[in-house]
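Worksheet: one structure, shown below.
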Amino acid sequence: MTIQAQIIELISRLKDDFNSAVILITHDLGVVADIADEIIVMYAGRVVEQAAKRELFYNPQMPYTWGLLGSIPRLDGPRPERLHSIKGAPPSLINAPAGCKFRPRCPHAFEKCSQEPRLENHVEAADHRDRCWLDTDYKRAYRDATISGGHTEAA
Ligand code: SF4
């Protein structure tokens, strides 16, 4: 953790020194929460959600993002026996599933998911885009339960 903090600080300093942007590729949403301005979530080689940091953490729209958020250890709630994980494994990129690439692992998949959704804006924040067929009311109703590992049924 100490080395990680030193590397992040160095990246931050170089960014300022060279007045440049940084693209950081990581699975560690804790690091992302610390230093990112914009977040792009990718799955099976595709962008599945894109938003400003605060928007993505407080209003995530894509079930894969929910799974990533659910796998972060938290200090502000009851301690689960095990960390949540996303069931299954990433698909082969040579023989990717038809439709939404997250479909075989998604607890909310339904019939329409056999078609690939486009990356589109569905929420108030115009620069927040996601690739999912669920409507925003459904997402609002089931997102928190999914992030906390409570909802596993199909839509
Ligand atoms: S499009 Fe369907 S399978 Fe893909 S994330 Fe949304 S609900 Fe799940």
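The values are calculated or read from the model by the stated rules, or taken from the named source; none is laboratory data. These numbers come from a predicted model, not from an experiment. Positions of Cβ are generated from backbone atoms using ideal geometry, with glycine treated the same way; all protein chains shown enter the neighbour counts.
Residues of the range 95-130 that are touching a helix residue (DSSP H, G or I) at 6+ places or on another chain (Cβ under 9 Å) and near the ligand (Cβ under 7 Å from one of its atoms): CYS100, PHE102, ARG103, CYS106, HIS108, ALA109, CYS113.
Of the residues contained in the range 4-24, none is found to be part of a strand (DSSP E or B) and touching a helix residue (DSSP H, G or I) at 6+ places or on another chain (Cβ under 8 Å). Counting only residues that are more than 16 Å from the ligand (Cβ to nearest atom) and of a type in the set (Ser, Thr, Tyr), which one in the range 6-53 is surrounded by the most Cβ atoms within 10 Å (Cβ to Cβ)? By that ranking, first place goes to SER12. Looking at the range 9-43, which of its residues are modelled with pLDDT under 95 and closer than 18 Å to ILE86 by Cα? Correct list: THR26, HIS27, ASP28, LEU29, GLY30. The single condition among (1) modelled with pLDDT of 95 or more; (2) among the charged types (D, E, K, R); (3) under 24 Å from ALA141 (Cα atoms); (4) within 16 Å of the chain's Cα centre (by Cα) that LYS87 does not meet is (1). If the condition is being within 23 Å of GLU38 (Cα to Cα) and either near the ligand (Cβ under 10 Å from one of its atoms) or among the acidic types (Asp, Glu) (or both), then the range 135-145 contributes LYS139, ASP144. Taken residue by residue, the range 58-69 has at least one member that is part of a helix (DSSP H, G or I) and in contact with a strand residue (DSSP E or B) (Cβ under 6 Å, 6 or more places away or on another chain).
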